[in-house]
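Chemist: Once you've had a glance at the structure underneath, I'll fire off some questions.
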Amino acid sequence: MAGGITTSEHCATPFGAAFQLASPNVKAGGHPVVLESSPLSPHGPIPGHGEIPSFMNTSSTSVRINGAGVIRQGDVASCGDEATGHPKIMVGD
């Protein structure tokens, strides 16, 4: 799956969770790139969204930053939410 790269300006939809782990030294479009296993901020109001800590559990298998997979649009968090991504900066598998 190829998708737009996810940066700290994006969120996991549809509930607006913020990513809490991004690259300290790699940016795309001026914002830090989000990495695999990034925890999500609590979000809701639907039960199951934010009550249990959520994290990004899918990422690129071939594009890595500092040893961690890059999160792309459509990658899924443990709560089931999908990441949004930059519409013009694409990342492959």
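Chemist: Assuming 0.36 nm per residue, please report the length gained on full extension of the stretch ASN66 to GLU9 beyond their Cα-Cα distance.
Modeler: 18.5 nm
Chemist: Can you give me the long-range amide H partners of CYS79? Hydrogens built in the peptide plane at 1.01 Å from N, cutoff under 5 Å, separation of 5 or more residues or another chain.
Modeler: Distant-sequence amide H within range of CYS79: PHE55.
Chemist: Find how much the distance from ALA18 to ASN57 grows on full extension, using 0.36 nm per residue of separation minus their present alpha carbon separation; answer in nm with one decimal.
Modeler: 12.5 nm
All of the numbers you see were taken from the coordinates with simple rules; none came from a lab. Just so it is clear, the structure is predicted and the values come from calculations on it, not from any experiment.
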